[in-house]
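Chemist: Could you have a look at this structure, given as structure tokens, before my questions?
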Amino acid sequence: MSSNPVAETVAALLPRAKAELAELVAFKSVADFAQFPKSESEGAANWVADALRAEDFTDVAVLDTPDGTQSVYGYLPGPAGAKTVLLYAHYDVQPPLDEAAWTSPPFELTERDGRWYGRGAADCKGGVLMHLLALRALKANGGVPVNVKVIAEGSEEMGTGGLERYAEQHPELLTADAIVIGDTGNFRVGLPTVTTTLRGMTMVRVQIDTLRGNLHSGQFGGAAPDALAALIRVLDSLRAEDGSTRVDGLAQEAHWEGLAYDQEQFRTDAKVLDGVGLIGGGSVADRIWARPAVTVLGIDCPPVVGATPSVQAGARALVSLRVPPGVDATEAGKLLQAHLEAHTPWGARVRTEVVGQGQPFRADSASPAYRAMADAMAVAYPDETMQYAGQGGSIPLCNTLAGLYPQAEILLIGLSEPEAQIHAVNESVSPQELERLSVAEALFLRNYAAG
Ligand SMILES: [Zn+2]
């Protein structure tokens, strides 16, 4: 990094940030209170609240959200008339999974091969530290030129929607001119990346019935309408020969305009077995960021162990449809229902029901906030140009914020690059990424205030 006072301050503050991240990682803040004591999450929430108070935040509050978890809020007033920026992270983490498979204990931040290992180190306790480092660097170099709101969620990984409901009930709380969601990641280490789109999702349950009861497959098989066979056929109708998603009436030809995702890199990232082909059409980025993608999440039918020689009278499945930006998730859900009903063979009885839904998101990458971020990234990553990536999954809060504050510019950055292995065993964060992204966030706030 070129010599820049903000960058020098962040570099000097990094050892302290490591010690603080170790404290935060030590809380087993999994928001599944049947498995992990709630006191662990409360400890992490209080840690974040104390850290904000120490940075002169006013109105620091640990908020009880409707799902029984807590989000931490703080407000740092800036100069009179300044813009307001909301910084988001979450302090809850995924469970450690197989603790024995970790090379070092999941809740002890451990340095190894230039990375810091621990559950939540990248996703998203590192994001909390990124926000703190950015603010400290500005305070040490002339001050924070915007009003800052921080919100640290306590149940992001559970998907229980506590903060979303709370924000809907208190829409004034998180109003901002720009929002930085510190929960995504660079496309690879060292390549500054802003996530500009998220796919939405609709989930449909399909039930097929053909008989009043199961029948013996020897006596009746061959003529009796088999509900499981009908379900298999209707599910198969959701794919073309190359495996791409086919839902009647749903466009499948969109192209991704940003970053290219190399096919070999994707094979490695996705851990595809040798000799097995990818599915779908178009580029990898088209497939995972710009086009709809169907996945059968579950099928109710007899398990292999204990199966009897029976023709099934009924069968059901749960089908997920990831919906790209530009497509309305409600409309896509209706098309999926209609498709499943139309493709059910043999006059079998079919019922479909939408059981979950989230809209896709697309940021305005031509906005002043994006220019401010691109200029900041150019200083933090002097040899690289900021890239635009999509994300196949969804961040429901992002849609809630976009809906509540349609005028706010939303930027998604963070520490969860592929090597971080978030949600897996041996999660880690790159200290260089923490350093650079903290510098970028600080300079973003400065650029944005001046713009
Ligand atoms: Zn996360």
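The values are calculated or read from the model by the stated rules, or taken from the named source; none is laboratory data. What you see is a predicted model; the values in this text were computed from it and never measured. Cβ atoms come from the backbone with ideal geometry, glycine included; neighbour counts cover every protein chain shown. Keep in mind that these areas ignore ligands, DNA and RNA; they rest on the heavy atoms of the full protein, side chains included. Shrake-Rupley method; radii C 1.70, N 1.55, O 1.52, S 1.80 Å.
Chemist: Carbon and sulfur atoms: what percent of the 1.4 Å accessible area of region 272-342 do they account for? Before the final figure, lay out the partial values.
Modeler: Working: 1960 of 3300 Å².
Percent of accessible area from carbon and sulfur atoms in region 272-342: 59.
Chemist: A follow-up question, please. Taking Cα centroids, how far is region 29-49 from region 218-269 in Å?
Modeler: Value for the Cα centre distance between the two parts: 40 Å.
Chemist: Where does the chain land at 222 nm, in deg cm²/dmol rounded to the nearest 500, when only DSSP H runs of n ≥ 4 count, each adding -39500 (n - 2.57), divided by all residues?
Modeler: Dividing the helical sum by the residues of the chain leaves -9500 deg cm²/dmol.
Chemist: Contour minus end-to-end for ASP56 and SER367, with contour as 0.36 nm per residue of separation and end-to-end as the Cα-Cα distance?
Modeler: Numbers: separation 311, 0.36 × 311 = 111.96 nm, distance 3.02 nm.
Extra length available between ASP56 and SER367 comes to 108.9 nm.
Chemist: Work through the residues other than TYR405 whose Cβ is under 14 Å from its Cβ and net out their charges, Lys, Arg +1 and Asp, Glu -1. Mind dumping the intermediate values first?
Modeler: Values: positive: LYS83, LYS149; negative: GLU164, GLU168, GLU172, ASP177, ASP364, GLU409.
Value of the local net charge: -4.
Chemist: Let me ask something else. Write down the accessible area per residue of region 47-185 in Å², having rolled a 1.4 Å probe over the full set of protein chains.
Modeler: 32
Chemist: Just to compare against my own numbers: the Cα pair-distance distribution for the chain, 10 Å bins, whole % per bin, please.
Modeler: Result returned by the calculation: 4, 19, 27, 24, 14, 7, 3, 1, 0.
Chemist: Are there chymotrypsin sites (Phe, Trp or Tyr not before Pro) in region 182-262 that DSSP puts in a loop and that have at most 16 other Cβ atoms within 10 Å, and which ones?
Modeler: On the way: sites: PHE187, PHE220, TRP256, TYR261; in loops: PHE187, PHE220, TRP256, TYR261.
Within region 182-262, the qualifying chymotrypsin sites (Phe, Trp or Tyr not before Pro) (loop, at most 16 other Cβ atoms within 10 Å) are PHE220.
Chemist: While we're here: Of the accessible area of region 1-117, with the probe set at 1.4 angstrom, what percent is carbon plus sulfur? Display every interim value, and only then the final one.
Modeler: Details: 2590 of 5160 Å².
Carbon-and-sulfur percentage of accessible area, whole number: 50.
Chemist: For region 199-353, report the accessible area per residue in Å² (1.4 Å probe, heavy atoms, rounded to an integer).
Modeler: In whole numbers, region 199-353 has 54 Å² accessible per residue.
Chemist: For ALA240 and VAL355, FRET efficiency with R0 = 22 Å and r from the beta-carbon atoms, rounded to 0.05?
Modeler: The value I calculate is 0.30.
Chemist: Among DSSP beta bridges lying fully in the chain, give the percent that are antiparallel, nearest 5.
Modeler: 70
Chemist: Would you list, by chain and number, the lysines whose Cα falls below 24 Å from the Cα of LYS28, excluding same-chain residues fewer than 8 positions away?
Modeler: Hits, sequence-local ones excluded: LYS18, LYS38, LYS125.
Chemist: Compute the length gained on full extension between VAL305 and GLN263: take 0.36 nm times their separation in residues and subtract their Cα-Cα distance, giving the result in nm to one decimal.
Modeler: Once the chain is fully extended between VAL305 and GLN263, it gains 11.3 nm.
Chemist: Kindly provide the trypsin sites (Lys or Arg not before Pro) of region 267-309 that DSSP labels as loop, not H, G, I, E or B, and whose Cβ sees at most 12 other Cβ atoms within 10 Å.
Modeler: LYS271
Chemist: Which order do the peptides 248-254, 233-239 take when ranked by the mean count of other beta-carbon atoms within 10 Å per residue, highest first?
Modeler: For the peptides 248-254, 233-239, the packing ranking is 233-239, 248-254.
Chemist: As an exercise, use a Förster radius of 35 Å and the Cβ-Cβ distance of GLN207 and ALA251 to find the FRET efficiency, rounded to the nearest 0.05.
Modeler: So the FRET efficiency works out to roughly 0.80.
Chemist: Lys and Arg at +1, Asp and Glu at -1: add these up for the other residues within a Cβ distance under 13 Å of MET201 and post the number.
Modeler: Overall, the nearby charge balance is +1.
Chemist: Give, as a single signed number, the net charge of other residues whose beta carbon lies under 15 Å from the beta carbon of ARG136, with Lys and Arg counted +1 and Asp and Glu -1.
Modeler: Numbers: positive: ARG16, LYS18, ARG53, LYS139, ARG446; negative: GLU8, GLU20, ASP50, GLU55, ASP56, GLU435, GLU441.
Cβ neighbours under 15 Å give a net charge of -2.
Chemist: If you don't mind, another one. Rounded to a whole number, what % of the accessible area of region 133-266 do carbon and sulfur atoms account for, probe 1.4 Å?
Modeler: Details: 2710 of 5650 Å².
It is 48 percent, rounded to a whole number.
Chemist: Moving to a separate point now. Would you please give the FRET efficiency between ASN46 and ALA223, computed as 1/(1 + (r/R0)^6) with r the Cβ-Cβ distance and R0 = 56 Å, to the nearest 0.05?
Modeler: Values: r = 67 Å, r/R0 = 1.20.
With a Förster radius of 56 Å, E is 0.25.
Chemist: In addition: Any chance you could run the full-extension gain for ASP98 through VAL296? It's 0.36 nm times the residue separation minus the Cα-Cα distance, nm to one decimal. Each step should come with its number before you reach the end.
Modeler: Details: separation 198, 0.36 × 198 = 71.28 nm, distance 2.58 nm.
Working it through step by step, the gained length comes to 68.7 nm.
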